[in-house]
Amino acid sequence: MAQSDTLLVVIRHAPHSTNLLREGLDAALVAAAFGQSVHLLFMGQGILALLEEQGSGAPGQKATLPTIEMLEMYDIDQLMVPTKDLHAMHLSHHQLIEGVTLLAPEDVPTLLQQHTQILTF
Amino acid sequence: MILHILTKAPYSSVAQQMQQAIGEADAVLLVEEGVTAALSPSWTAWKAYHSRIYILAEDLLARGLNGIAEANELPVIGMDEFVTLTEKYAQTVTWY
Amino acid sequence: MQYGLLVMGAPYSTVSPHSALRFAHAIIARGHCLAGVFFYHDGVHNASSLMAPPQDELNMCQAWVELHQQHEVALDVCIAAALRRGLMSESEAQRHGKQAFNVAPPFELTGLGQLLELQQRSDRFITFA
């Protein structure tokens, strides 16, 4: 797969902590709205953004799930998670929303190499 | 070829995430809090990325760690060589 | 080579804007062109003309303005991230019925599209956060 014009957005921060997750997803959505192909890689705490049962937070803290569910409408359908990170969080595949691809350890460096445009949040 | 820039301590979770993402042709630069890795010569990354991991002199000096880095024979580079690394590696990923 | 920088840390909270500024001067000294700096997330605070650090500390907003004046570096600030955090240009302040503004040229409030555009046209793109 040639990814030369694809943006990889790496999400490492959880919902309801910093605003990095929200602003990272915003960047992904804007890129897609401009017609760019976008892939998302969730690492560490960022995986929590994919939990099916998450809700809204403290007063004024919007839920993230509606934004995650919106990604598909923007043709962002490559949501990836390293298996190692998932296990380190003591989570399993079925606790995440549908359509998440798990990555073997050796696939993570390869994924980064395939993208010439990377943003980390 | 990616230059990975680590701004956090060597045993932080982000440092571990970075280590998962480093490819065979990639390099690592330790800056800001990342330079505290000078205090840990047994950190696995020193050996794993030997001859392609660097530590920024300016941030070491600011923290009084340059003597320790020298004593531990760590590969210290200056701002000028930071620029050179970005010339050599077309991509950079910052881990913060 | 053409460089672009993304700054996502607030001055006086994190060291990342200081690192970014130092790197900016280093690439320019090498003879490279710094096309632009994009401020996103907490980095938008770099644009506040109302920051008033003690006299023995660098005024980060002023330092970016000088970088622009000396080397014509574009200083783009994400408008959505800025408005949320109370960073306003004169026209945005009017639009939102605010009594003050703190973002003035050469800083420009702009959309995230500018970030992607900067990344695409830069040979090298480096994040400071």
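The values are calculated or read from the model by the stated rules, or taken from the named source; none is laboratory data. For clarity, every value in this text was computed on a predicted model and none was experimentally measured. Because the Cβ atoms are built from the backbone with ideal geometry, glycine has one as well, and the counts that use them run over all protein chains shown. Protein only, heavy atoms only, side chains kept; ligands, DNA and RNA dropped before computing areas. Shrake-Rupley method; radii C 1.70, N 1.55, O 1.52, S 1.80 Å.
May I ask you to verify whether B:P10 is more than 14 Å from chain A (Cβ to nearest Cβ), within 22 Å of C:V15 (Cβ to Cβ) and assigned to a loop (DSSP other than H, G, I, E, B)?
Here the answer is yes, as B:P10 does meet what is asked.
Quick test for you: out of A:F34, A:F42, pick the one residue that is in contact with a strand residue (DSSP E or B) (Cβ under 7 Å, 6 or more places away or on another chain) and among the aromatic types (F, W, Y).
So the residue among A:F34, A:F42 that is in contact with a strand residue (DSSP E or B) (Cβ under 7 Å, 6 or more places away or on another chain) and among the aromatic types (F, W, Y) is A:F42.
What pairs can you find where one residue is in segment C:50-70 and farther than 15 Å from C:S13 by Cβ, the other is assigned to a helix (DSSP H, G or I) and modelled with pLDDT of 95 or more, and their Cβ atoms are less than 8 Å apart, with a gap of 6+ or different chains?
Note: pairs meeting the criteria are C:A63/C:L21; C:W64/C:L21; C:W64/C:N46; C:W64/C:A47; C:L67/C:L21; C:L67/C:A24; C:L67/C:H25.
Being at the interface with another protein chain (Cβ under 8 Å from one of its Cβ atoms) and in a helix (DSSP H, G or I) is the filter here, so list the residues in segment C:14-28 that pass it.
If the condition is that a residue be at the interface with another protein chain (Cβ under 8 Å from one of its Cβ atoms) and in a helix (DSSP H, G or I), then C:S16, C:S19, C:R22, C:F23, C:A26, C:I27 are the ones that fit.
If you take the residues of segment A:61-75 that are assigned to a helix (DSSP H, G or I), surrounded by 13 or more Cβ atoms within 10 Å (Cβ to Cβ) and not hydrophobic (A, V, I, L, M, F, W, C), which of them is farthest from the chain's Cα centre (by Cα)?
Filtering first and then ranking leaves A:Y74.
Within segment A:76-120, which residues are facing another protein chain (nearest Cβ under 8 Å), over 21 Å from A:A14 (Cβ atoms), open to solvent by 30 Å² or more (accessible area, probe 1.4 Å) and not in a loop (DSSP other than H, G, I, E, B)?
A:T110, A:Q113
I'd like the full set of residues that are under 24 Å from C:G111 (Cβ atoms) and open to solvent by 40 Å² or more (accessible area, probe 1.4 Å), limited to segment A:31-52.
Within segment A:31-52, A:A33, A:F34, A:G35, A:S37 qualify.
Of these, A:V10, A:V38, which one is part of a strand (DSSP E or B) and under 17 Å from B:T94 (Cα atoms)?
A:V10
The rows are residues; the columns are (1) open to solvent by less than 20 Å² (accessible area, probe 1.4 Å); (2) among the small types (G, A, S); (3) within 18 Å of C:T127 (Cα to Cα).
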residue	(1), (2), (3)
B:G23	yes, yes, no
B:E32	yes, no, yes
B:A38	yes, yes, no
B:T44	no, no, no
B:G67	no, yes, no
B:P75	no, no, no
B:D80	no, no, yes
B:W95	yes, no, yes
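Would you please list the contacts, defined by Cβ atoms under 6 Å and residues six or more apart or on different chains, that run from a residue in segment B:19-43 that is within 13 Å of another protein chain (Cβ to nearest Cβ) and of a type in the set (A, V, I, L, M) to a residue that is in a loop (DSSP other than H, G, I, E, B) and crowded, with 24+ Cβ neighbours inside 10 Å?
Here the result reads B:V31/B:T7, each pair linking segment B:19-43 to a residue that is in a loop (DSSP other than H, G, I, E, B) and crowded, with 24+ Cβ neighbours inside 10 Å.
How many of the residues in segment C:80-127 are part of a helix (DSSP H, G or I), without any contact (Cβ under 8 Å) to a residue 60 or more places away in the chain and not aliphatic (A, V, I, L, M)?
Final tally of qualifying residues: 9.
Among (1) open to solvent by 60 Å² or more (accessible area, probe 1.4 Å); (2) part of a helix (DSSP H, G or I); (3) of a type outside the set (A, V, I, L, M, F, W, C), which single condition is C:P54 missing?
(2)
Have a look at C:G36, C:G86 and point out the one that is touching a helix residue (DSSP H, G or I) at 6+ places or on another chain (Cβ under 8 Å), under 30 Å from A:F34 (Cα atoms) and open to solvent by less than 60 Å² (accessible area, probe 1.4 Å).
C:G36
For segment A:1-19, how many residues meet the condition of being within 12 Å of chain C (Cβ to nearest Cβ) and open to solvent by 10 Å² or more (accessible area, probe 1.4 Å)?
So the count comes out to 6.
In segment A:20-30, how many residues are within 8 Å of another protein chain (Cβ to nearest Cβ) and open to solvent by 20 Å² or more (accessible area, probe 1.4 Å)?
2
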